[in-house]
Each structure stands twice: as C-alpha cells, then as structure tokens.
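For reference, the structure is listed below as structure tokens.
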Amino acid sequence: MTTSDFAYTGCDNLEAMAEAVNYNTFLVDTVDRHLAPAGAASDVRVLDFGAGSGTYADMLAARQITPECLEPDEELQHILRAKGYKVLDHDGTPEHDGERYGLIYTFNVLEHIKNDQTASEHLAALLRPGGTLVVYVPALEILYTAMDSKVGHYRRYRRTQLNRILRNAGLEIVESRYCDPLGFFATLAYKMLGPGDGTINPRSLKLYDRAVFPISKALQILTSRFFGKNVLVVATKA
C-alpha cells in the first residue's frame, strides 16, 4: 500500500475530534481490553495504523503502552516523530514473526483507502500469529454526508461487509457490532439540517460527547446487531 491509496483532507475536523474525550476514551479502552489477554501490555508490540497526529497513541502512552505509528501524511509524520514515536515505512512488511505485531488498531481509517481489501490484507500480514486487529469505521451509507466527502471517505460500512473483508484477508472475527446508536440519529439530522460544507461545530461535538455519548454507549447492548453511527470489528490471526 502506498500514500496514493490514502485520501485525507479536512484537518480541522481531525482537530475537532481530538476534543471528543468520551468517544476517544471508549476507543482506547477497547484497545486496552484486547491487550489484556495477550499478556503484559508492555510486552506486546502495538501498531497505530493511520495514527494521525497521535491522539490515540498519546492516550495509550499515558497508560504505559507506546505504539509504533504508521501514518502516510508527511506533516503528521513530523508531529509523531517530534512526540517521540517510531514512525514506520508504510510499504514495509516484516519478514519474521518476531517483527510483527501482537495488536494493531485502526480507527476511522479504512474508509479513506480506495482498496480497503488490499489494506486489510496488509494489516493481516503485519500481525503475528495469534495477534489481534481492532477496526473502527463509519457505518451505513445512508449516513454519508458532506463531512464524509470533505475528509475523503470512499464509503461507510455495513457490519457484515467489514466482516467479509477481514475474513477474506485471512482473519477470524471475534467481535462485530454497531456502536453509538444515538449518533446514528444525530448524523441523520446533520445530513438534513447541517452545513453543506461538511464542517463540524466544535461546541456541538463537545456537547454530544459529554452529554449524549455516554448514554449512547450504554444503549449499544440493545442495538449493536442492527444499527449505529460506527462499526467495531475485532479479528484475530490464526
């Protein structure tokens, strides 16, 4: 996979999402939860695929888990290196199991990649046997808005669609669910009433994150098979 396969614009939205504390904590907690069965977190080699400016890497580092980072954007690479992270060559593939990763996480990245099947196969190749891949992406094409277009999304995903892509990459699905059901309705409202330029209102985002997302997270137990704003799939390599 090369940088030409990856499309991203709209760094202002990226910065706005960094302020979504509850949302981001939910994602990092998910990584932490899947690290635990792999043994001592400090002994597991972790990769942040599509690391951006290091929002999730920073949160994990605060928990004494320091991921390596793969990020195609050169400006964001400079930010990551300035923070002290190891930034990988995006074309590199380890030749030995000892060089592969025990856990890879990728949050809101696959939708930016034109050939997501090839990207998923690349991620599978980076995993060691028994390793875990945690994928979180936008859900459902009915929710595609001007924001998706602005930031370079090729698609939004059905849960079964993402399951199939990861299975075709040689991985076994261990968890698959829709997340943030109230976000589904908020995104529909944004699609119908929001600005046509795809911008995110930081105040509205913070309000949703503080007041609504915790309730939405609690409701996932009832809606995870049916709908949500995002899809979370966890897969392992035999």
*Considering only DSSP beta bridges whose two residues both sit in the chain, what percent are antiparallel, to the nearest 5?*
55 percent
*Rg and Dmax of the range 92-213, Cα atoms, in Å?*
16.6, 52
_Nearest 500 deg cm²/dmol is fine: what mean residue ellipticity at 222 nm does the chain get from its DSSP H runs of n ≥ 4 alone, each adding -39,500 (n - 2.57), divided by its residue count?_
-11500 deg cm²/dmol
*Among 83/150; 86/150; 206/229, which pairs are too far apart, with a Cα-Cα distance over 19 Å?*
83/150; 86/150
*Can you give the accessible area of residue 79, probe radius 1.4 Å, in Å² rounded to 10?*
70 Å²
*Accessible-area ranking of 190, 56, 136, largest first, probe 1.4 Å*: 190, 56, 136
_No solvent, one uniform scatterer per C-alpha: report log10 I(q)/I(0) for the chain via the Debye equation at q = 0.09, 0.10, 0.18 1/Å, two decimals._
-0.35, -0.43, -1.61
*What's the local net charge at residue 50, with K and R +1, D and E -1, over the other residues with C-beta under 11 Å away?*
-4
*To the nearest 0.05, how large is the calculated FRET efficiency for residue 225 and residue 89 if R₀ is 41 Å and r is the Cβ-Cβ distance?*
0.60
*How big is the Kirkwood radius of the range 147-199, worked out from every pair of different alpha carbons and given in Å to one decimal?*
13.3 Å
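The values are calculated or read from the model by the stated rules, or taken from the named source; none is laboratory data. Note that this is a predicted model, so its numbers are computed, not measured. Backbone-built Cβ (ideal geometry, glycine too); neighbour counts: all protein chains shown. Only protein heavy atoms, including side chains, enter the accessible area calculation; ligands, DNA and RNA are left aside. Shrake-Rupley method; radii C 1.70, N 1.55, O 1.52, S 1.80 Å.
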